[in-house]
Amino acid sequence: MAQRTGTHVSLGEEDYDDTPYFSDSGDDAAWEDDEPNPIAAVLCLFCERLYHSAEETFSHCKSEHQFNIGTVFNKYGLDFYGFIKLINFIRSTGCTAESLRSVCSPLPWDEEEYLKPVLKDDPLLQFDVDDLEVSGDALQNASSGDDLSLSDRVKLAESRAQAAEANLALALEDLHKMRHLAQDFVMNADVGTGSSSSSGAIADLREDEGGVYFSSYGHFGIHEEMLKDAVRTEGYRDFIYQNPHIFKDKVVLDVGCGTGILSLFAAKAGAKRVIGVDQSEIIYQTMDIVRLNKMENIISLVKGRIEEVDLPVEKVDIIISEWMGYFLLFESMFDSVIYAKEKYLAEGGAVYPDTSNISLVAVCDELKHSCKIAFWDDVYGFDMSCMKKAVIPEAVVEVVTPESMVSEPFIIKNIDCQKTTIKDLDFSSDFSLSITRDALCTALAGYFDVSFEKNCHKSVSISTSPLCTKTHWKQTVFLLEKPISVKTGEVLEGKITVRKNRKDPRSLIITLSLNNVTQTYSLQ
């Protein structure tokens, strides 16, 4: 940002002296109404250069930063508000033009917070986005003056408004229909006996919802994969069944219950009452599962986010949840567990799993590195090495073999699930990796462990280490652009910073500093 403490500021290729807009002199005369309006300089999105207009700024972004605002606008189907959010997102996060070339849905800037201007009276926010949408190239339109006429713009705005109104009407109609179907379903389930009434209600629900209901089947495969993950599911089962005293006559809250497997385990272990909460459509199937297993007198199900629903109890004795994502914290579901803990957990209650940690280990896999990075040097005879800058920042979730490990693991984060707050989940940590053999370190890999220990007669742990049985979480790999030669007995030191992506809180931004090189990765 240009300094505003002096009276001379470089503006593009021309200079403007003693401009009141940039002056801190306190000279009130400079602000008199009869003075000419100051020139509103436009700051580049990616550097400190200032320009006369939005058009010049976008032209500079295209030529110097290879960022074409028109291409981005059309590629992601942005509207006026999407354009505003994009500009404010870039200004607030300081992201690079390169990082914006590989974003995917959900768009990182698609949050309401980015409607708030970062720079006061930012001229870029006043740019006419119709030019971008019509031509697909903001710069050509802006510089040539080949704009739509006022009448054409009015027609375009009217058509957009009509389309938006139609979509809103359909959405409200669907919402109204879903509300009545849900009410009918609950009433039928309450007055019926066994599973027959529930099945009839589900049949009606399927028939009336049509595509809305069946679209949820896309998620069933995820639940199947998790249930078939023996390390995950049997770890929870063993903890609950081997420690029934923890659940005997207790009220249990299952956050993100999915198909209800943990709720079923807890009920079978002797829980007095189990409340399962989930916001996905899978909960309608879970209702049938509960009834098929004759657990409806113990297990209650609530559809919605734990942060938004009202539970049928004020406090619970136990909170259990399978909240872990890739690299432990991906998806930020632990935030919901923390919320539930702070609002519903009774004094003396417990959260399970109760401890967890994240570890890093050095990896040597030259073949994989070559396939993912060196590959771009020669693609059917063409140099595509520029793609490396887009490939490197993407963390990769894959299986790391024990043979590829070239260091001892190092724990970068310990989490006490009973005490941790949401703000604790953004963290930085120094690390030291003790090298175990001569090799070329091509990546660092991250994994996690969780444990069930508090009040347990028999503690249970779940590990996603490369040395243990493979899980659906696999490991998270951070490729190094330039591999590092390491020798046995050496210590590879570095620093890692992990934080939520503010534009998409479920994803993570991880920064690694290693061997005097800093690289930022995204996990999304």
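A short reminder: the numbers here are calculations on the coordinates, not readings from a lab. These figures come from a predicted structure and were not determined experimentally. Neighbour counts are summed over all protein chains in view; Cβ atoms, including those assigned to glycine, are modelled from backbone coordinates with ideal geometry.
Ellipsoid semi-axes for region 357-411, based on the Cα gyration tensor and the rule √(5λ), read 27, 13, 8 Å when sorted largest first. All alpha carbon pair distances within region 231-322 were sorted into 10 Å bins beginning at 0; the resulting P(r) in whole percents reads 18, 54, 27, 1. What do you get for chymotrypsin sites (Phe, Trp or Tyr not before Pro) in region 344-409 restricted to DSSP loop and a cutoff of at most 11 other Cβ within 10 Å of the site's Cβ? Listed in order of number, the matching sites are Y380.
In region 283-369, a dipole from Cβ-located charges (positive for Lys and Arg, negative for Asp and Glu) runs towards its positive end, and of G325, A346, V302 it is V302 whose Cα lies farthest in that direction. Between the amide H of R49 and those of C44, distances stay under 5 Å, these residues lying 5 or more places away or on another chain, with hydrogens modeled in the peptide plane. In region 308-382, Rg over Rh equals 1.32, where Rg is the alpha-carbon radius of gyration and Rh the Kirkwood radius from pairwise Cα distances.
Here the 3J(HN,Hα) profile of region 73-79, calculated from phi with Karplus coefficients 6.51, -1.76 and 1.60 at θ = phi - 60°, is 4, 7, 4, 9, x, 6, 10 Hz, Gly and Pro shown as x.
Under 5 Å from the amide H of K413 lie the amide H atoms of I358, each residue being 5 or more positions distant or on a separate chain, with H modelled from the backbone and absent for Pro and chain starts. Here the Karplus curve 6.51 cos²θ - 1.76 cosθ + 1.60, taken at θ = phi - 60°, turns the phi angles of region 110-123 into couplings of 7, 10, 4, 4, 7, 7, 7, x, 7, 9, 5, 6, 5, x Hz, with x standing for Gly and Pro. With 22 Å as the limit on Cα-Cα distance, the pairs of K303/K423; K116/K388; K303/K343; K315/K413; K389/K482 that go past it are K303/K423; K116/K388; K315/K413.
Along its three principal directions, the equivalent ellipsoid of region 368-524 from the Cα gyration tensor extends over semi-axes of 29, 20, 16 Å, largest first.
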